[in-house]
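Have a look at the structure below, then the notes.
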Amino acid sequence: MRRLPALAALAASALLLAGCGIFSGSGETDDGVQPDQAESPTQDPDDAFQSLQVNMVAQSGTHFPDGVDGVTIGCSDTLVTIGTVPIEAETTEEHVSAAVEFLLDDSQYYHGDPAFTNSLTLSETLELSNVELDRDAVQVELTGEPIVQSECEAYRIQAQLYGTVASTADVEEVSISVEGTELNDVLNVEPFDTSQLFNDE
C-alpha cells in the first residue's frame, strides 16, 4: 500500500481542490496555482519550502479559454508543469520523491474543467523505490507495472514522469527504471527529450 508523506499529501490536496484547469485572466487558478509553461524552477535552492513541479496533460483538442503553454508530446497533447503549494523538503532527492509520489498517489484522472489529466492514476501497483541525484543527473527506481491503454497514454505517462523529475530536480539527464528496466523500454517509446523543458524562449 502506498504511503504519501504528510507534507506531500497537503500539497496534493491543495492542488486538486484548486481545480487546476480553471483559469482567470492572469492564467492562475482560483488559489494562485499556476499551470506554467514547462520550464525549470526559479526557486531558492536553499529554501526548505518549495513548490512541487508536477506535470499533467492537456489532451489534444481540449480548448482552454486563455490557452495553455507547454510542450507538445505524443498525440499532439500538451505537457504542462504545475507548481503546487510549497512543501518542506530537506534535500533535492526528497523533493523529487514527493513530486513522483504526488502523481502515483493521485486517484483522480481528470482535474478541472476544461481538464488536465493524470495518466498514472490507472497504474495502481507503481510505487517509488529510490531516488538518487548525482550532480547533473537523477535516477529514479520504481516497482510495479504501468498500465497502458493506448499509445497516446504511453507517451503521456512517459512525459509526466520524465518531465516531473527533470523539472523538480532542475536537471536534463533523467533515468527512470521499472523493476530494473528503463521506463522508455517498458512503454516501448523513444526516449523523452527533457531539454525542451528548459527552453527560455
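Would you please list the contacts, defined by Cβ atoms under 6 Å and residues six or more apart or on different chains, that run from a residue in segment 76-90 that is small (Gly, Ala, Ser) to a residue that is surrounded by fewer than 22 Cβ atoms within 10 Å (Cβ to Cβ)?
Hits for this filter: Ser76/Ser60; Gly83/Gln34; Gly83/Ser51.
Would you call Val186 under 17 Å from the mean Cα position of the chain (by Cα) and either buried (at least 22 other Cβ atoms within 10 Å of the Cβ) or not in a loop (DSSP other than H, G, I, E, B) (or both)?
Answer is no for this residue.
Given the criterion within 18 Å of Pro191 (Cβ to Cβ), β-branched (Val, Ile, Thr) and touching an Asp or Glu at 6+ places or on another chain (Cβ under 7 Å), identify the matching residue among Val140, Val171, Val131. Give the steps one after another, and end with the answer.
Numbers: Val140 fails: touching an Asp or Glu at 6+ places or on another chain (Cβ under 7 Å); Val131 fails: within 18 Å of Pro191 (Cβ to Cβ).
Within the list Val140, Val171, Val131, the selection yields Val171.
The rows are residues; the columns are (1) crowded, with 23+ Cβ neighbours inside 10 Å; (2) more than 17 Å from the chain's Cα centre (by Cα).
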residue: Val140; (1), (2): yes, no
residue: Glu145; (1), (2): no, yes
residue: Ser150; (1), (2): no, yes
residue: Ser167; (1), (2): yes, no
residue: Ser175; (1), (2): no, no
residue: Thr181; (1), (2): no, yes
residue: Asp193; (1), (2): no, no
residue: Asn199; (1), (2): no, yes
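Tally time: how many residues in segment 55-90 are closer than 19 Å to Gly163 by Cα and part of a loop (DSSP other than H, G, I, E, B)?
8
What is the residue count in segment 40-66 for residues that are modelled with pLDDT under 75, in contact with a strand residue (DSSP E or B) (Cβ under 8 Å, 6 or more places away or on another chain) and buried (at least 18 other Cβ atoms within 10 Å of the Cβ)?
2
Please name all residue pairs, on different chains or six or more residues apart, with Cβ atoms under 6 Å, provided the first residue is in segment 113-125 and is free of Cβ contacts under 8 Å to residues at least 60 places away in the same chain and of a type in the set (S, T, N, Q) and the second residue is surrounded by 15 or more Cβ atoms within 10 Å (Cβ to Cβ) and assigned to a loop (DSSP other than H, G, I, E, B).
Cβ pairs passing all conditions: Thr121/Asp106; Ser123/Pro146; Ser123/Ile147; Thr125/Gly144.
Can you name the condition, by its number, that Ser167 falls short on among (1) touching a strand residue (DSSP E or B) at 6+ places or on another chain (Cβ under 8 Å); (2) modelled with pLDDT of 95 or more; (3) outside any loop (DSSP other than H, G, I, E, B)?
Against the list (1) touching a strand residue (DSSP E or B) at 6+ places or on another chain (Cβ under 8 Å); (2) modelled with pLDDT of 95 or more; (3) outside any loop (DSSP other than H, G, I, E, B), Ser167 comes up short only on (2).
Right, Gln37: modelled with pLDDT under 65, in contact with an Asp or Glu (Cβ under 8 Å, 6 or more places away or on another chain) and surrounded by fewer than 21 Cβ atoms within 10 Å (Cβ to Cβ) or not? It would help to see each step written out before you state the result.
Values: modelled with pLDDT under 65: yes; in contact with an Asp or Glu (Cβ under 8 Å, 6 or more places away or on another chain): yes; surrounded by fewer than 21 Cβ atoms within 10 Å (Cβ to Cβ): yes.
Yes, satisfied.
Out of the residues in segment 109-138 meeting the condition of being under 14 Å from the mean Cα position of the chain (by Cα) and part of a loop (DSSP other than H, G, I, E, B), tell me which one is nearest to Glu182 (Cα to Cα).
Within segment 109-138, the match that is nearest to Glu182 (Cα to Cα) is Asn118.
Looking at segment 167-196, I want the residues that are under 13 Å from Ala154 (Cβ atoms) and have a partner that is part of a loop (DSSP other than H, G, I, E, B) and of a type outside the set (Lys, Arg) with Cβ atoms under 6 Å, at least 6 apart or on another chain. Which pairs are those?
From residues that are under 13 Å from Ala154 (Cβ atoms), the pairs are Asn184/Pro191.
Is there a residue being in contact (Cβ under 8 Å) with a residue 24 or more places away in the chain and either outside any helix (DSSP H, G or I) or exposed (fewer than 14 other Cβ atoms within 10 Å of the Cβ) (or both) anywhere in segment 155-163?
So far as segment 155-163 goes, no, none of its residues is in contact (Cβ under 8 Å) with a residue 24 or more places away in the chain and either outside any helix (DSSP H, G or I) or exposed (fewer than 14 other Cβ atoms within 10 Å of the Cβ) (or both).
Restricting attention to segment 108-138, which residues are farther than 17 Å from Leu161 by Cβ and loosely packed, with under 14 Cβ neighbours inside 10 Å?
Gln108, Asp113, Asp134, Arg135, Asp136
The values are calculated or read from the model by the stated rules, or taken from the named source; none is laboratory data. Treat the numbers as computed from the prediction; the structure is a model and nothing was measured. Every residue, glycine as well, gets a Cβ built from its backbone with ideal geometry; the counts of neighbours run over all protein chains shown.
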